[in-house]
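Visitor: Here it is: the structure, laid out below.
The values are calculated or read from the model by the stated rules, or taken from the named source; none is laboratory data. Since this is a predicted model, take the numbers as computed values, not measurements. Cβ sites come from the backbone with ideal geometry, for glycine too, and all protein chains shown count toward neighbours. To get the accessible areas, we keep the full protein, side chains included, count just its heavy atoms, and leave off ligands, DNA and RNA. Shrake-Rupley method; radii C 1.70, N 1.55, O 1.52, S 1.80 Å.
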Amino acid sequence: MDKEKKLIDGLRGIIPSLHTPFCNQNKIDIPSLKNLIDHTISTGCSGMLVGAVAGENSSLSFEEKKMIIDECSSYNKNRIPIIISCSAKNQKDRVALAKSAKEAGADWILCQTPENVSGSELLQCFNEIAEAGPHNLMIQDLSWTDNGMSDEDIMLLFENINKFRALKIEVLNSGPKYSRILEAANHQLHLSGGWAIMGMIEALNRGVHAFIPSTMEIIYNKIYKLFTENKIEASRQLFYQILPILSFTHQHIDIAIKFSKLLRVQEGIFDTSTCRPPIKNFDSFQHEEAFMHINQVKTLQDSLSLS
């Protein structure tokens, strides 16, 4: 129990999902990726997730995913915990990526639940991934349209896979699911939210351990710090200041990624805001709206850095 509790405590707070920067030739921009890793560490984040949905995982080749694993692991040098995504379209690649993460020295891997797989088949799938990977497995329970994995499947995995120590919940109506799973697992399973960041304060009240957004690290870290200091109303009021931004970005994951890369360019972290298809450039109205919000983010982050 003590080991599990230590693992959970070590991953409390803000753990950004890093975007994958591309140069104008559409290749991975390693110097910008290193800038982002340094930024994530310098802003006080509790860890980082690489190569996941925000990193345009579906557009990356297997070789590019391996490159990201190696580059991020070696450059991070264990400065903060790193979670490596081994999500892929087929099981062979998931297992191979989990093995690569272990060989690179990562302590954690994340894998998205394969579509239309449940019960004993799902258990076999994650057993293979867990056996190939490092000591700790985070499962991504992601659905844009429904409640995601069944509670029964989650508990089946939790009770049978020793390395399954964390669950990232990103489904419709995430709040009640956080509470159900925490209770069912006797609070021994680490829970985090990502796309469900719109319910951050509610999630904190429910006992969620960490949040995996992307960008705005200074703001999110301050919101989290205020909450843990029991300054709940101050935490809530700061969160309210970014709700208009989240309203814009959470129209669609593609909008969130494009906005984030534009912000990274303005922060001097990325050289370009290039995204791969199917993510499109903003039209003139989106562009105007995005830069209004980007200016708001920068102003708010500057004020928090000075406080």
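Visitor: Which numbered condition in (1) open to solvent by 80 Å² or more (accessible area, probe 1.4 Å); (2) part of a loop (DSSP other than H, G, I, E, B); (3) not charged (D, E, K, R) is the only one that ILE269 fails?
Guide: So the condition that ILE269 fails would be (1).
Visitor: For ALA96, state whether it is part of a loop (DSSP other than H, G, I, E, B), closer than 23 Å to GLU115 by Cα and open to solvent by 10 Å² or more (accessible area, probe 1.4 Å). Give the derivation first.
Guide: On the way: part of a loop (DSSP other than H, G, I, E, B): no; closer than 23 Å to GLU115 by Cα: yes; open to solvent by 10 Å² or more (accessible area, probe 1.4 Å): yes.
It is false that ALA96 is part of a loop (DSSP other than H, G, I, E, B), closer than 23 Å to GLU115 by Cα and open to solvent by 10 Å² or more (accessible area, probe 1.4 Å).
Visitor: Quick one: which helices (runs of 4 or more DSSP H) lie wholly within segment 113-222 and hold at least 3 residues that are exposed (fewer than 15 other Cβ atoms within 10 Å of the Cβ)?
Guide: Values: elements: 119-132, 151-160, 174-184, 200-206.
Where helices (runs of 4 or more DSSP H) fall fully within segment 113-222 and carry at least 3 residues being exposed (fewer than 15 other Cβ atoms within 10 Å of the Cβ), they are 119-132, 151-160, 174-184.
Visitor: Using beta carbons and a limit of 7 Å, which pairs, at least six apart or on different chains, have the first residue in segment 167-187 and over 14 Å from ARG206 (Cβ atoms) and the second one open to solvent by 60 Å² or more (accessible area, probe 1.4 Å) and among the aromatic types (Phe, Trp, Tyr)?
Guide: These pairs meet every condition: GLU170/TRP195.
Visitor: Test each condition in (1) modelled with pLDDT of 95 or more; (2) touching a Lys or Arg at 6+ places or on another chain (Cβ under 8 Å); (3) at negative phi for THR215 and report the one that comes out false.
Guide: (3)
Visitor: Being free of Cβ contacts under 8 Å to residues at least 40 places away in the same chain, β-branched (Val, Ile, Thr) and either out of contact with any strand residue (DSSP E or B) (no Cβ under 7 Å at 6 or more places or on another chain) or not in a helix (DSSP H, G or I) (or both) is the filter here; which residues of segment 39-83 pass it?
Guide: Selection gives ILE41, VAL50, ILE82.
Visitor: If you don't mind, there's one more thing I want to ask. So which residues in segment 284-307 are open to solvent by 80 Å² or more (accessible area, probe 1.4 Å) and either assigned to a helix (DSSP H, G or I) or within 24 Å of GLN25 (Cα to Cα) (or both), if there are any at all?
Guide: Within segment 284-307, SER284, PHE285, HIS287, GLU288, MET292, ASN295, THR299, ASP302, LEU306 meet the criteria.
Visitor: All but one of (1) among the aromatic types (Phe, Trp, Tyr); (2) under 26 Å from GLY10 (Cα atoms); (3) within 17 Å of the chain's Cα centre (by Cα) hold for TRP144; which doesn't?
Guide: The failed condition is (2).
Visitor: Moving on. Looking at (1) outside any helix (DSSP H, G or I); (2) in contact with a helix residue (DSSP H, G or I) (Cβ under 8 Å, 6 or more places away or on another chain); (3) open to solvent by 10 Å² or more (accessible area, probe 1.4 Å), which is the only condition ASN26 fails?
Guide: Going through the list (1) outside any helix (DSSP H, G or I); (2) in contact with a helix residue (DSSP H, G or I) (Cβ under 8 Å, 6 or more places away or on another chain); (3) open to solvent by 10 Å² or more (accessible area, probe 1.4 Å), ASN26 breaks only (2).
Visitor: Looking at segment 223-237, which of its residues are under 21 Å from SER42 (Cα atoms), of a type in the set (A, V, I, L, M) and open to solvent by 10 Å² or more (accessible area, probe 1.4 Å)?
Guide: LEU226
Visitor: Does LEU36 qualify as being under 16 Å from the mean Cα position of the chain (by Cα), farther than 17 Å from LYS168 by Cα and part of a helix (DSSP H, G or I)?
Guide: yes
Visitor: While we're here: Please count how many residues of segment 103-112 are surrounded by 18 or more Cβ atoms within 10 Å (Cβ to Cβ) and among the charged types (D, E, K, R).
Guide: Residues in segment 103-112 being surrounded by 18 or more Cβ atoms within 10 Å (Cβ to Cβ) and among the charged types (D, E, K, R): 1 in total.
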